[in-house]
Amino acid sequence: MLRKILILILFAVNTAFAVKIKHADHSDFYRVVLETGKPVSFEEIPFLDTKIFVLSLNTNSKKMNKKILKRKYVKSLDIIYNGETTKFVFEVSNKIKGYKIYTLNNPYRIVIDFLKKKTPRKTVQTSKDPIYQIIMNYEIKEKKIPEDFSGVKKVIVIDPGHGGKDPGAIANGLWEKDVNLKIAKKLKEILEKDPRFRVYLTRNSDRFITLYNRTVFAIKKNADLFISIHCNSSPTRTESGTYVYTLNLRGARSKIARLVEKRENRAVMNYVKVSTNPVVNRIMADLAISTTMTEGRNFAYYLKKHLKNITDFKDVDSANFAVLKTPGIPSVLIEVLYLTDPVDAQLLKSEDFIEKFSFGVYNAVVDYFYRE
């Protein structure tokens, strides 16, 4: 406000207008045209504030046609008429990095192109993108599968997130519910080749299952490990990479975890009843959930160990996910990659990447149970 007052004092304000004003929005610049109809001399008046651009025209024409400019680029425009000159005071936004000024004839007009700041965006270049190259060229080291196994099989429940009426995130031609199921099926296929594991999916097709029923399914199957498969999304489309989340009843630690937690949580699981005494039930549930959190975090670090060379692994974090409230069962939620990131989306469309990622999870499972 003070800045505008100083400008008004500096230029002896009058409210008459002198020219026709036109504007147009282009991809790289925002154009403002001052149309006078005949040649006029003009000059730019230097101003200390780089967000202020002042143009003085030697004309006293009082014909006016003032258009409302886009505040996204030009926050305000003051037109000051004073004697034989008309001054145009533009205040530009932070989205503008500079300007170009030139004239055109027939009719005569002064053109100001306010240059937009570029927002860096990733482009999908599968043959050149370094992250894509590293991931796709990585050779997975498979664990040696025992030829005979007479012990008790470990029960793994894989939970493909979303499904049916709940599509999850949608971006870059991908639906999260479909990608989750595809990865879950591949992981199940790999795990089942190892005689030490028995594997179940919470859903085998495109159908909706509540979070409560997903956790109950794992409990009924006496699961030794619960893995929920999801894909991430970002409203800014600037985030990428893989995150693994474990249960934390105090809520999410990081901002990203809070965003994911808010998106994924739609229900809260009831305490598991082991007694007619509600106090006993509460104690047992607390003990079971404590195991879930501790062991889930242990497994998460095995995932980090085996996935960091296969994917752009970002972090192991914790959040208060309802789907991870599987009492006594080590549980993790894997946000495989971001559907909203072009490079990540390209990887999620790759059968090769999905197989490598699934083998990485398989190797983590083997290490967690058998410390190989």
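Taking Cα centre as origin and charging only the Cβ of basic (Lys, Arg, +1) and acidic (Asp, Glu, -1) residues, the dipole magnitude of segment 141-209 rounds to 140 debye.
Run through the DSSP bridge list for segment 154-218 and note the antiparallel percent, rounded to the nearest 5. That works out to approximately 40 percent antiparallel. Once backbone amide H atoms are built at 1.01 Å from N, residue 96 has 117 as its partners under 5 Å, excluding neighbours fewer than 5 places away on the same chain.
Overall shape: oblate for segment 300-343, with the ratio a/c of the largest to smallest alpha carbon gyration tensor axis at 1.5 or above and b/c at least equal to a/b. Highest mean packing first, where packing is the average number of other Cβ atoms within 10 Å per residue, the peptides 345-352, 299-306 line up as 299-306, 345-352.
Once the chain from residue 68 to residue 47 is taken as fully extended at 0.36 nm per residue, the excess over their C-alpha distance is 5.2 nm. Rolling a 1.4 Å probe over the protein chains gives residue 68 an accessible area of about 150 Å².
In nm, what is the difference between 0.36 nm times the number of residues separating residue 208 and residue 153 and their Cα-Cα distance? Full-extension gain reported as 16.9 nm.
Taking amide H atoms as placed 1.01 Å from N in the peptide plane, the amide H of residue 317 lies under 5 Å from those of 244, 245, 246, each 5 or more residues away in sequence or on another chain. Placing dummy labels 7 Å off each Cα toward the beta-carbon, the span from residue 139 to residue 309 is 1.1 nm.
The values are calculated or read from the model by the stated rules, or taken from the named source; none is laboratory data. Bear in mind the structure is a predicted one, so any value in this text is a computation, not a measurement. Cβ atoms come from the backbone with ideal geometry, glycine included; neighbour counts cover every protein chain shown. Ligands, DNA and RNA are excluded from the accessible area calculation, which covers all protein heavy atoms including side chains. Shrake-Rupley method; radii C 1.70, N 1.55, O 1.52, S 1.80 Å.
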